[in-house]
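Okay, so here's the structure we're looking at.
Nothing in this text is a laboratory measurement; each read-out follows from the coordinates by a stated rule. None of these values were measured; they are calculated from a predicted model. Glycine also receives a Cβ, built like all others from the backbone with ideal geometry; neighbour counts cover every protein chain displayed.
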Amino acid sequence: MTMSEMMEGRGAKLLARTPRHVAIIMDGNGRWAAKRMLPRFEGHRRGVEALRRTVRAAGDLGIAYLTLYSFSSENWSRPKPEVDDLMGLLKRFVRNDLAELHAGNVRVRIIGEREGLDAEVAGLLAEAEDLTRANTGLTLVVAFNYGSRQEIAAAARRLAQAVAEGRLQAAEITPERLSASLDTADIPDPDLVIRTSGEQRLSNFLLWQAAYAEFVFLPILWPDFDRSVLEAALAEYAGRERRFGGLEAGRTRQGTHG
Ligand code: IPE
Ligand code: IPE
Ligand code: MG
């Protein structure tokens with residue numbers, strides 16, 4: 001075998017290795033609490049502990065980008081006391097953990113709609129981004145007040161505005177340009193999307209960006225998530241073969257016409 005054949009991976013499946021970007025739908029806090037006859041708040045509180053563990057583990061495992069779905073555009077439809085609890089936990093998390101994240105060289109990015117957020121929450125999110133902007137370790141992307149359809153609609157509005165003002169031609173609106181108009185403009189697409197709690201749906205999360213992501217749905221509830229569960233999901237991912245619409249690795253250049 002020549003070197004170039006070896007590099008092409010002929011004969012062997014080109015397998016996915018460590019994902020560069022892992023995105024997680026942290027679901028099941030309420031059910032975790034209900035199983036223990038505890039208030040939902042306790043599930044959310046324990047969910048924050050799982051989040052903390054997960055950020056550490058992701059950094060240790062060499063993941064470059066970790067996106068966590070922490071509050072969806074649709075979560076406002078929950079009872080006000082629960083929404084208030086979730087806002088309180090976010091504020092507490094930033095206040096308690098930001099210094100440690102910064103010391104750990106974590107770069108925090110927030111995606112989602114900022115407008116209309118409580119001033120204190122918006123201020124803390126901005127502070128987390130500003131403080132950690134120059135860090136070079138794990139990029140922690142927090143999807144907060146995030147909805148993928150809202151994000152895509154906002155991008156379409158901005159592009160339409162640019163066309164209306166003559167700064168852009170309609171024909172120049174390509175997938176790349178639309179990607180660059182999303183909140184995630186400077187973030188690579190997720191390689192792996194994990195959802196806990198047994199639900200198998202996206203719930204308005206990264207619809208555009210996850211076009212070629214691998215999905216792992218886990219039956220465990222989010223407060224039970226830890227490093228070993230993450231490692232198991234990564235192992236599952238490592239065994240997947242990604243094709244991106246092409247052919248099995250090694251068959252892309254020859255032997256395709258029979
Ligand atoms: C995930 O847990 C946390 C958020 C959506 C904020 P849930 O609160 O959705 O828990 P379940 O799905 O009711 O168990
Ligand atoms: C998705 O979970 C949102 C977050 C994890 C923040 P939900 O619990 O809100 O989703 P549905 O309502 O079950 O689809
Ligand atoms: Mg849920």
- Task: Could you pull out every residue, at least 5 positions away or on a different chain, whose amide H is within less than 5 Å of the one on residue 110? Hs are placed 1.01 Å off N in the peptide plane, and Pro or chain starts have none.
- Result: 142
- Note on the structure: With Cα coordinates, the longest principal axis of the chain makes an angle with the long axis of helix 119-132, in degrees rounded to 10, of 50 degrees
- Query: Looking only at chymotrypsin sites (Phe, Trp or Tyr not before Pro) in DSSP loops with at most 13 other Cβ atoms within 10 Å, what is the longest site-free stretch of the chain?
  - Reply: 1-211
- Query: segment 19-238: Rg/Rh from Cα coordinates, Kirkwood Rh?
  - Reply: 0.97
- Query: Which loop-located trypsin sites (Lys or Arg not before Pro) does segment 151-217 contain, where loop means any DSSP state but H, G, I, E or B and the Cβ has at most 14 other Cβ atoms within 10 Å?
  - Reply: 167, 201
- Query: Hey, if you put +1 on the Cβ of every Lys and Arg and -1 on every Asp and Glu Cβ in the chain, which of 175, 153, 219 ends up farthest toward the positive end of that dipole?
  - Reply: 219
- Query: For residue 163 and residue 87, what is the calculated FRET efficiency with R₀ set at 41 Å and r taken between the beta-carbons, to the nearest 0.05?
  - Reply: 0.65
- Note on the structure: Plugging the Cβ-Cβ distance of residue 102 and residue 248 into 1/(1 + (r/R0)^6) at R0 = 35 Å yields, to the nearest 0.05, a FRET efficiency of 0.20
- Item | Farthest positive-ward along the chain dipole, Cα basis, beta-carbon charges - from 198, 140, 184 | 198
- Query: Cα atoms only, segment 41-129: Rg and Dmax in Å?
  - Reply: 13.4, 38
- Per residue, how big is the convex hull around the C-alpha atoms of segment 78-184? Give it to me in cubic angstrom, could you? 128 Å³
